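A.B. asks: Before anything else, here's the structure in question.
The values are calculated or read from the model by the stated rules, or taken from the named source; none is laboratory data. Predicted model, so just to flag it, every value in this text is computed and none were measured. All Cβ positions, glycine included, derive from the backbone under ideal geometry; neighbour counts span all protein chains shown. Quick note on the areas: whole protein, heavy atoms, side chains included, nothing else; ligands and nucleic acids left out. Shrake-Rupley method; radii C 1.70, N 1.55, O 1.52, S 1.80 Å.
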Amino acid sequence: MRKSLLSIGIVYEHAETDEMGIKATAKEMGIDVVYFPFRKVCVSIANDGYQFKTKGKNYTEALKDIRVVLNRTQSKNRRLYAGSILEACGKNVINPFSIEYVCYSKLRTLLRFWKAGIRIPQTLFIPCDAHDRVSGSDKTIHNEEDIADLIENALGQGRVVIKPDAGTHGRMVRLATNRKELTKLVDETESSVVNPVGLVAQEFVDKWFFDLRIIVAKKSGSTPYCYPTALARAGFSDFRTNTYLGNMVFGVDLPREIMDFSVRCGEAVAQDKEAWVLALDAMLNIRKNKSVDDDYVKTRLERLREPFQIVKEAKRKKMGMMDFAAWNDELESAYRGYMNSDAYASVREVIEENIERSKHSILFHEANACPEFWEQTRVVAGINIAETLLECAQSVIENPCSDQSGSCIVE
Ligand SMILES: Nc1ncnc2c1ncn2[C@@H]1O[C@H](COP(=O)(O)OP(=O)(O)OP(=O)(O)O)[C@@H](O)[C@H]1O
Ligand SMILES: [Mg+2]
């Protein structure tokens, strides 16, 4: 038994608060987690085996004892590399490479949802770059008007969202409200590491002032489940409500129907994989079906501005942080000040009421394989994903029916 508890590894390049949180949680749960670096490390594969070494330390033997590795490397590309290396070395990885591969691309994720019959925003993929350079000359072919025509033909002349297929933090997620803006946004689209080919365009979802981050997970030997609370990210300042842009967060209860859809989303992405943890992004097409007017919500968000500023300041202090536990206490106390207010309770109530009213118009648009959680999801929605990750890893170790590709072997 003790041996199995020693066999969980974690791989990352820099310890952010999430990784420190995973370590602190593992300690509380009495689980040993062995750290493997993924930056100044040399991974060698040769006919007589593999080596995993930094300049100062050889991790090869330690890695051999590991059965499951939590992949917390901090970019989608690094996670793909780390996942493929570790799986080739015979490790179960959470999340497995195949899940990372789907989540890497918004389009691939949406295709999975769509095939599984889950409701999504209408999404276009146009495999044509806005500009083509003619080889052997300095001529450029401009495709932006043709691409804008294709988008308008499919989505009509209203609002359209253009986004990079593999972007994060809402960067370059842009809204066009008319043809002129659409052509301009298309013209500004460049192929890059986050947007390798062409263009992803999406129907604008009139989600009022919030969207949802929902957590689904599966342990080995158990059926997938959805946490009954979610994070609502809320604000009126931008059509993008994600938290990276400074929006406020609320912990809300989910109706059973949304939890069921969410489980189906998780299954669509993970398929036969035995243990996984995903954060889903979803929006409700609320349109005019609002329970109160905008001003009611705006007044209360305004009252929350000051206590939320204290939360933001506490978060900022993590830079140069010396003592994780002390910083964490300060963060939690700042959140308590914000969450204990009447304004928080009323906005939360409005969001829950409107989730209930529009639950059948929920649209899922993304799955995140390595969600940030320590500073928001844990405190506000009450879900410590570190616990989920560690329990998933333990379930793989304890379940005899698992293989090393992360799939469950069914006899
Ligand atoms: N089709 C859409 N209609 C309306 N709003 C949208 C649409 N797509 C995205 N948004 C808004 O923009 C925000 C960021 O979009 P998205 O999640 O696609 O980008 P991202 O780069 O993956 O961000 P993150 O990493 O925070 O999830 C969403 O939280 C949502 O508020
Ligand atoms: Mg997103």
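A.B. asks: Within segment 351-375, can you find the residues that are in contact with a strand residue (DSSP E or B) (Cβ under 6 Å, 6 or more places away or on another chain), open to solvent by 10 Å² or more (accessible area, probe 1.4 Å) and away from ligand 2 (no atom under 16 Å from the Cβ)?
C.D. replies: GLU352, SER361
A.B. asks: Ok, one more. Which residue pairs have Cβ atoms closer than 7 Å, lie 6 or more positions apart in sequence or on different chains, and pair a first residue in segment 261-290 that is farther than 28 Å from TRP374 by Cβ and open to solvent by 10 Å² or more (accessible area, probe 1.4 Å) with a second residue that is away from ligand 1 (no atom under 12 Å from the Cβ) and outside any strand (DSSP E or B)?
C.D. replies: Filtered contacts from segment 261-290: ASN285/SER358; ASN285/SER361; ASN289/ARG357; ASN289/SER358; LYS290/ASN354.
A.B. asks: Would you be able to say whether some residue in segment 181-194 is touching a strand residue (DSSP E or B) at 6+ places or on another chain (Cβ under 6 Å) and within 14 Å of ligand 2 (Cβ to nearest atom)?
C.D. replies: No: segment 181-194 contains no residue that is touching a strand residue (DSSP E or B) at 6+ places or on another chain (Cβ under 6 Å) and within 14 Å of ligand 2 (Cβ to nearest atom).
A.B. asks: Does SER341 qualify as being of a type in the set (Ser, Thr, Tyr), surrounded by 15 or more Cβ atoms within 10 Å (Cβ to Cβ) and touching a strand residue (DSSP E or B) at 6+ places or on another chain (Cβ under 6 Å)?
C.D. replies: Criteria not met by SER341.
A.B. asks: Considering each residue of segment 51-75, count those that are among the hydroxyl-bearing types (Ser, Thr, Tyr) and farther than 17 Å from ASN95 by Cα, and give that number.
C.D. replies: Result for segment 51-75: 3.
A.B. asks: Picking from ALA381, ALA369, ALA386, which residue would you name as being touching a residue at least 60 places away in the same chain (Cβ under 8 Å), more than 16 Å from THR241 (Cβ to Cβ) and within 16 Å of ligand 1 (Cβ to nearest atom)?
C.D. replies: None of the other options fit; the residue is ALA369.
Residue-wise test of (1) away from ligand 1 (no atom under 16 Å from the Cβ); (2) modelled with pLDDT under 95; (3) of a type in the set (A, V, I, L, M, F, W, C); (4) surrounded by fewer than 16 Cβ atoms within 10 Å (Cβ to Cβ).
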| site | (1), (2), (3), (4) |
| --- | --- |
| SER105 | no, no, no, no |
| THR140 | yes, yes, no, yes |
| ASP149 | yes, no, no, yes |
| ARG171 | no, yes, no, yes |
| LYS184 | yes, no, no, yes |
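A.B. asks: I would also like to ask the following. What strands (runs of 3 or more DSSP E) completely inside segment 41-157 contain at least 1 residues that are touching a Cys at 6+ places or on another chain (Cβ under 6 Å), of a type in the set (Val, Ile, Thr) and farther than 21 Å from CYS370 by Cβ?
C.D. replies: Qualifying strands (runs of 3 or more DSSP E): none found.
A.B. asks: Filter segment 186-220 down to the residues that are crowded, with 19+ Cβ neighbours inside 10 Å and away from ligand 1 (no atom under 15 Å from the Cβ) and list them by number.
C.D. replies: VAL186, GLY198, VAL216, ALA217, LYS218, LYS219, SER220
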